Structure formats: structure tokens, C-alpha cells
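Okay, structure first, notes after.
Here, each number is a calculation from the coordinates, and none is a lab measurement. Predicted model only: the values in this text are computed from it and were never measured. Quick reminder, even Gly has a Cβ in these numbers, built from the backbone with ideal geometry, and neighbours come from all protein chains shown.
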Amino acid sequence: MKRLRTSTAAVATVSLLAMGLVAGCGSKDRDEVDASHVPQLRQQAREASSGTAKVVQPTGPRSHFVTQRTTGDDGTKIVKTRWHGAKSGFTGTIWSWVPPQYDQPQYAKSAFPVLIALPGSYGYPDNYWIGGDFKLEEKIAEWSQSGKTLPFILVMPVLNPKKKYHDGSDIPGQPKMGTWLTEDVPAFARANYRTYDSRDGWAFMGSSSGGFAGLKAVLKHPEKFKAAIANGPDTAPDSPMWNGHPAEKRANDPRRLADQLKTRGGPDVYLAFELGSKEEAVPYVKKFIREHTGGPVHQTLFEIPDGKHSGHTYIQRMPESLHWISEQMLGPVPMETRPNS
């Protein structure tokens, strides 16, 4: 389905192209999201307060951050830094944001779940989830404070260096982007923020090429990540850089990885798919769900009527998809509910 990705790369306006925004952006009015129908989360503190999940304090050294954007009225900031991946050898930009709760006194010793958010198209040199057009950070602040989703730490790395599709994988002879996403980006989060040592505190969210990368990462490393939101994703590796490497390509095929996980019987993973009704990915994603999920591979599908292959489509159902994965994960435990606090 490379045609999906090449069409997203053809965004006409210079400002949107610089951000890597996907095609069919539409107007900003489409990003007005109604979350009033999303229910409150169930209690998320059971495992954490029972002592089975460990709070990991920042390991350091702390990164040197530059403010990218101040979000909303709460004073939170999206910050960016350059990060050298010790495992992959790749050095790239990472943006991050912590929710308002992170700096509140009652959460001073609490771990927070991490959501690695990946863009569509190339996602290089920028990650469009940092932008004030989607306002993902403001929305998560609002939804988490009203109890509809967890207050995620957002970690937003670059995705496809040199504007080539790497399929979130270690393609032979290319930068090790699979290792970057699943080893080095989490290492960045652990160095700078309070996180959980359990996979219950780690998830991916991505659109198009980023949706493929997040989907594949969770299926390949279910011991590290519990959930993914995959928006209009490819469901098979299709980078031309796989040519000459059929075995490695098969080893990074989400269909094969899901079947292997089902055969092993787990661990359980949770996949939330978002699809616009007008996008080309619809039959491929539905075929993936029909043939490769079940058992430990849990799934839910959110369809958007008249939706296109666009981040502006997917943001409309983000309250539901984030709520669904939040129900499977760990949130921060306030000090007064901790044992011996």
C-alpha cells in the first residue's frame, strides 16, 4: 500500500509539508472533538498500588531541552532535544510533553504511562503531533483531567530519516529505526521522566507509516509494550529498501508477528484501529483484523464516516481510542493512595 504513503507526501502547502502533515487535512474546525460521550476510566491503580509495578525514577543524564511550544493555559510545554541512540547508533530529534498532573505535589513520586506518538508520511525532520493545529497535548490534558483517559507522557521522535520509508525496522544497510523506536526512544523517556518498569505503562500511537511502525513494534515486542493505536496503517512492510532481504522483511511483517503471538498464546496486546471510511486502507485493515487478531491479540475498530487518510480525521476518534487503551494500562498513583505513603 505504498500509494497511501506517497499520496500523503504530496501535501501542497509549504507549511504543512514541512511538518509532514498527511493529505486531506481539511479545516481546523474538523479538529473540534466532542469527548462528552466518553465514559470515566475504571480504577487504574490496582496493580500499581499492590506493588507489582515499580516506579522508576529518571535515570539521567537529563537532556538539554529547548521549548518548542507552550500548550494551552496550564503552562505545560512541548520540548525538544537531540538524542543519540546507544543501541541503534542513530541520532535524531525527540519532542516530549508531560501532562499537568506530572508536576502536581500528589504525583511527585508517581510513574506515568508513556505514549510514543508517531506521525504519518515521512515524519522527518519533524513530528506533526507537536503542532498547534492538532493540539493533541491540550486534548490529552483536558481528557485526562476529566477522567476519560490516562495522563500520558507524550514522546514524539522522528521516524523516517532522509525521507525514506524505513517501516520502523532495522533494514540491512540502513539506520536501525526499529531499534531506535523500541530501545532508544524508551531509553530517552526513562532518562528524563518517571516511568513504569512494566509494559503496562508503555504504548504507541501513530498514523499511516507511523501507524504501521507502532503496530509492528507492539506485536514484535509485546514484552515491552502493551498497546497501540494504529490510524489508517499499512499492514504489511512495503519499503523498497527491503529488496534483497526477504527473510528480514518477513520478520517485520505484522501479519506474521500477530500469528506468532497467537500461536504462543500471549502476552496479551491491545490494538485500537482508526479508519476513515474513504481511505484506501479500509479493506486491508479489516482483512488484518479478520485474519490476524483474536486470542491474545485484542482489537477494536473506530470508523470515521466520510473520513480521509488524514490526522485531522483520526483526531476525531482519539478520545475513544485513547480511552480504550487507557483501560488496559497503568496510570499515576497519587501519594495518598500509596502503601506506606
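Fewest-first ordering of D103, D184 by other beta carbons within 10 Å of each residue's beta carbon gives D103, D184. In degrees between 0 and 90, to the nearest 10, how far off the longest principal axis of the chain does helix 209-220 point, with axes built from Cα atoms? On a 0 to 90 degree scale, this one is about 70. By the helix-only formula, in which each DSSP H run with n ≥ 4 contributes -39500 (n - 2.57) and the sum is divided by residues, the chain has a 222 nm mean residue ellipticity of -7000 deg cm²/dmol. Ordered by the number of other Cβ atoms lying within 10 Å of each residue's own Cβ, fewest first, H312, H298 fall into the sequence H298, H312. Rounded to two decimals, the Cα radius of gyration of the stretch 261-341 over 2.2 N^0.38 Å is 1.42. Under 5 Å from the amide H of E274 lie the amide H atoms of A230, N231, G232, F302, each residue being 5 or more positions distant or on a separate chain, with H modelled from the backbone and absent for Pro and chain starts. Charge dipole of the chain (Cα centre as origin; +1 on each Lys and Arg Cβ, -1 on each Asp and Glu Cβ, all else neutral): 920 debye, rounded to the nearest 20. The fraction of all Cα pairs in the stretch 168-225 landing in successive 10 Å bins from 0 to the largest distance is 22, 54, 22, 2, given as whole percents.
Over the Cα atoms of the stretch 202-287, Rg to Rh with Kirkwood Rh, two decimal places?
Values: Rg = 12.7 Å, Rh = 13.1 Å.
Reported Rg/Rh, Kirkwood definition of Rh: 0.97.
On the basis of the beta-carbon distance and an R0 of 30 Å, Q43 and E291 show a calculated FRET efficiency of 0.30.
Across the stretch 129-265 the C-alpha pair distances fall into 5 Å bins from zero in the proportions 2, 9, 18, 22, 20, 14, 9, 4, 1, 0, 0 percent. Rank Y165, L257, G244 by how far each Cα sits towards the positive end of the charge dipole of the chain (+1 on Lys, Arg Cβ; -1 on Asp, Glu Cβ) and give me just the farthest. So the residue furthest toward the plus end is G244. Cα centroid separation, the stretch 69-131 to the stretch 139-163: 8 Å.
Two decimals is fine: what's Rg over Rh for the stretch 32-182, C-alpha atoms, Kirkwood radius as Rh?
Dividing the radius of gyration by the Kirkwood radius yields 0.99.
Note on K226: aspartates and glutamates with a C-alpha under 13 Å away, same-chain residues under 8 apart excluded, are D197, D200, D268, E327. In a fully extended conformation the segment linking K224 and K77 would gain 50.2 nm over its present Cα-Cα distance, using 0.36 nm per residue.
Remark: the chain is approximated by an ellipsoid whose semi-axes, taken from the C-alpha gyration tensor as √(5λ), come to 28, 22, 21 Å, largest first. With N counted as the residues of the stretch 81-153, its alpha-carbon radius of gyration over 2.2 N^0.38 Å works out to 1.27. Just to confirm the number: angle between the C-alpha axis of helix 254-264 and the first principal axis of the chain, 0 to 90 degrees, nearest 10? Rounded to the nearest ten degrees, it is 60. Summing Lys and Arg as +1 and Asp and Glu as -1 over all other residues whose Cβ lies under 13 Å from the Cβ of V158 gives a net charge of +3.
Placing +1 on each Lys and Arg Cβ and -1 on each Asp and Glu Cβ, with no other charges, gives the stretch 278-324 a dipole about its Cα centre of roughly 60 debye.
Taking each of K80/K135; K148/K308; K87/K220; K54/K87; K220/K249; K87/K163 in turn, the alpha-carbon distance tops 19 angstrom for K148/K308; K54/K87; K87/K163.
What is the percent of Cα-Cα separations in the stretch 278-318 that go past 17 Å? Across the stretch 278-318, Cα pairs with separations above 17 Å total 38 percent. Counting neighbouring Cβ atoms within 10 Å and putting the fewest first, the residues I116, I130, I229 line up as I130, I116, I229.
In this label model, A251 and Q106 are separated by 4.8 nm, measuring between points 7 Å along each Cα→Cβ vector.
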